[in-house]
Amino acid sequence: MNKYTHVFLGTAFSSKSPKEVEILKDHLFCINSKGMIEKIVAPKDADYHPLLDTYQGEENFHRLADGHYLLPGFVDLHVHAPQWAQSGTALDIPLYDWLNTYTFPIESKFSDLEFAKNVYEDVVSTLLGNGTTTALYFATIHKEASLLLAEICSAKGQRGLVGKVVMDLPEQTPEYYRDADAETALAETEEFILAVQELAKSTKQGVYPVVTPRFIPSCTDEALKGLGELAAKYDTYVQSHCSESDWAHGYVQDRFDKNDAFALHDFGLLREKSVMAHCNFLNDQDAELFAETGTAIGHCPISNAYFANSVLPLAHLHAKGIEVGLGSDISGGFSPSLFDNARQVVMSSRMLEDGVNPSLPADERGVPNSRITIDEAFYFATAGGGESLSLPIGRLAENYAWDAQIIDTNLGSSKLPIYDANENLHDIFQKMMYLVQPENIREVWVQGEKVHSR
Ligand code: GUN
Ligand code: FE
């Protein structure tokens with residue numbers, strides 16, 4: 001009797017460490033009924049040919065075609081699902097204006113469950129089609145619509161971590177889009193946590209509730225404190241925005257006379273299961289606090305180019321021991337693709353390193369040692385995201401979930417420029433990272449189930 005639910009034969013790329021991509025050439029990937037990679041077998045291993053003989057020709061044996069390669073699914077650590085409805089608009093105005101004139105009006109529409117369903121179905125499918133197998137979502141303040149997003153992730157096979165957003169501070173939130181008060185926001189958050197935990201019981205790939213104060217400026221002290229307590233009580237994930245822009249960073253300084261990181265920590269919001277988006281203005285003390293508490297950074301390089309007034313000193317912060325993954329920040333970032341975001345990680349880091357002020361001497365323009373390689377950017381999009389969430393995802397390795405994308409480099413108008421049959425596999429990997437379009441992503445799998453194909 002065949003033991004494995006699926007066996008794949010192909011060449012895969014997976015991060016061994018932040019700096020090192022492992023190339024698994026013509027390996028066998030044996031997937032069990034729980035959707036986990038139970039065994040990976042190399043051509044030199046004794047059981048390679050016996051396994052091939054057993055599975056070849058069976059329906060559950062998948063031999064990748066020439067020019068097809070396996071990558072781990074992406075982990076998007078910061079995405080506003082409702083903002084898919086405004087993606088690509090008004091990215092040329094400041095953050096504060098963008099939130100008030102575009103974002104809050106759009107998000108307020110999610111009181112309408114029909115509207116919510118249309119957008120949420122599309123955004124989950126779109127992310128899956130872009131290779132994102134796990135997403136950490138902000139929904140809106142509406143409990144029902146937020147639960148609907150979790151249900152859509154569950155049904156479409158995406159691993160969704162979903163937060164009902166809390167924003168209850170009248171001075172910083174419009175009347176038409178605000179929780180009734182802190183008490184109501186906390187009660188609804190608790191109901192939401194329980195409902196998602198119930199849904200998780202019937203969701204193979206996992207679905208998780210996330211405690212989600214939008215950011216300090218939108219919340220009262222009472223709400224922030226209560227959310228920290230709920231996170232501890234139910235041992236949930238926590239997400240928020242931290243030290244994103246001059247405006248947001250300055251606001252927290254004025255209100256608490258300390259940086260975002262310490263203010264969030266005072267409310268119990270920095271935990272092993274916390275992911276903070278942006279974090280552009282973390283100083284070294286803030287960074288140490290992140291590392292000590294196990295709080296991860298959701299780095300959103302495209303969004304930061306528009307709204308951050310700065311470039312994240314990623315190499316510096318990662319060297320301090322902080323976990324980092326990538327976020328699309330739809331729609332502060334316009335692209336639903338973590339390929340696009342990985343490309344921007346490298347571009348932004350080079351600008352930080354080399355500086356942009358030609359009136360300064362070359363050695364005074366930028367910040368030395370800021371450069372990030374494409375291998376590291378790939379790590380942040382995959383294994384780094386998995387480590388940030390403390391889940392066995394983001395690698396094609398034994399005892400990890402079978403969350404994978406099959407990339408076709410031969411495809412018609414999106415054919416990658418590969419002309420040498422013996423081209424170095426790491427060069428092919430780089431070309432994929434820079435040039436893959438959604439149409440090259442032929443199949444996407446989550447927890448051993450096929451969730452997208454084209
Ligand atoms: N800060 C508070 N809310 C938001 C948001 O929706 N997007 C971004 N980029 N920053 C925020
Ligand atoms: Fe955001």
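The values are calculated or read from the model by the stated rules, or taken from the named source; none is laboratory data. Here the structure is a predicted model, which means the values were calculated and not measured. So basically every Cβ, Gly included, is an ideal-geometry build from the backbone, and we count neighbours across all protein chains shown.
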Close pairs from the range 241-258: first free of Cβ contacts under 8 Å to residues at least 24 places away in the same chain and farther than 15 Å from residue 99 by Cβ, partner away from ligand 2 (no atom under 16 Å from the Cβ) and in a loop (DSSP other than H, G, I, E, B), Cβ under 8 Å, at least 6 apart: 253/259
Some residue of the range 416-426 being over 18 Å from residue 323 (Cβ atoms) and touching a strand residue (DSSP E or B) at 6+ places or on another chain (Cβ under 7 Å): yes
Residue among 280, 369, 357, 341 that alone is assigned to a loop (DSSP other than H, G, I, E, B) and closer than 29 Å to residue 217 by Cα: 280
Residues located in the range 416-451, provided they are under 25 Å from the mean Cα position of the chain (by Cα) and either assigned to a strand (DSSP E or B) or among the small types (Gly, Ala, Ser) (or both): 441, 442, 443, 444, 445, 446, 448, 449, 450, 451
Residue match in the range 201-210 (condition: in the same structural domain as residue 250 (by TED's automatic domain parsing), part of a helix (DSSP H, G or I) and more than 16 Å from ligand 2 (Cβ to nearest atom)): no
Verdict on residue 192 being within 15 Å of residue 163 (Cα to Cα), buried (at least 24 other Cβ atoms within 10 Å of the Cβ) and more than 16 Å from ligand 1 (Cβ to nearest atom): yes
Residue count, the range 268-309 (criterion: crowded, with 21+ Cβ neighbours inside 10 Å, over 14 Å from the mean Cα position of the chain (by Cα) and hydrophobic (A, V, I, L, M, F, W, C)): 9
Condition check for residue 185: more than 30 Å from residue 404 (Cα to Cα), in the same structural domain as residue 327 (by TED's automatic domain parsing) and touching an Asp or Glu at 6+ places or on another chain (Cβ under 7 Å): yes
Sole residue being away from ligand 2 (no atom under 15 Å from the Cβ), touching a residue at least 60 places away in the same chain (Cβ under 8 Å) and not assigned by TED's automatic domain parsing to the domain that holds residue 404, chosen from 337, 349, 328: 337
Test: residue 303 is outside any loop (DSSP other than H, G, I, E, B) and within 16 Å of ligand 2 (Cβ to nearest atom): yes
Leading residue by the ranking (nearest to residue 264 (Cα to Cα)) among those in the range 228-245 that are away from ligand 2 (no atom under 16 Å from the Cβ) and crowded, with 17+ Cβ neighbours inside 10 Å: 228
Subset of the range 211-245 [closer than 30 Å to residue 310 by Cα, part of a loop (DSSP other than H, G, I, E, B) and within 21 Å of the chain's Cα centre (by Cα)]: 214, 215, 243, 244, 245
In the range 101-128, the residues that are acidic (Asp, Glu) and within 16 Å of ligand 2 (Cβ to nearest atom): 107
Failed criterion for residue 132 (all others in (1) surrounded by fewer than 23 Cβ atoms within 10 Å (Cβ to Cβ); (2) within 22 Å of residue 378 (Cα to Cα); (3) β-branched (Val, Ile, Thr) hold): (1)
Any hit, the range 354-369, residues being surrounded by 21 or more Cβ atoms within 10 Å (Cβ to Cβ) and over 21 Å from residue 288 (Cβ atoms): no
Near pairs, Cβ below 7 angstrom, 6+ apart or cross-chain, from the range 425-442 (in the same structural domain as residue 10 (by TED's automatic domain parsing) and surrounded by 15 or more Cβ atoms within 10 Å (Cβ to Cβ)) to any residue that is of a type in the set (D, E, K, R) and assigned to a loop (DSSP other than H, G, I, E, B): 442/454
Unmet criterion (only one of (1) outside the structural domain of residue 434 (by TED's automatic domain parsing); (2) in a loop (DSSP other than H, G, I, E, B); (3) not β-branched (Val, Ile, Thr)) for residue 98: (2)
Residue check for residue 266: more than 24 Å from residue 390 (Cα to Cα), without any contact (Cβ under 8 Å) to a residue 12 or more places away in the chain and assigned by TED's automatic domain parsing to the domain that holds residue 382: no
Which listed residue is more than 30 Å from residue 101 (Cα to Cα) and out of contact with any His (no Cβ under 6 Å at 6 or more places or on another chain), from 340, 284: 284
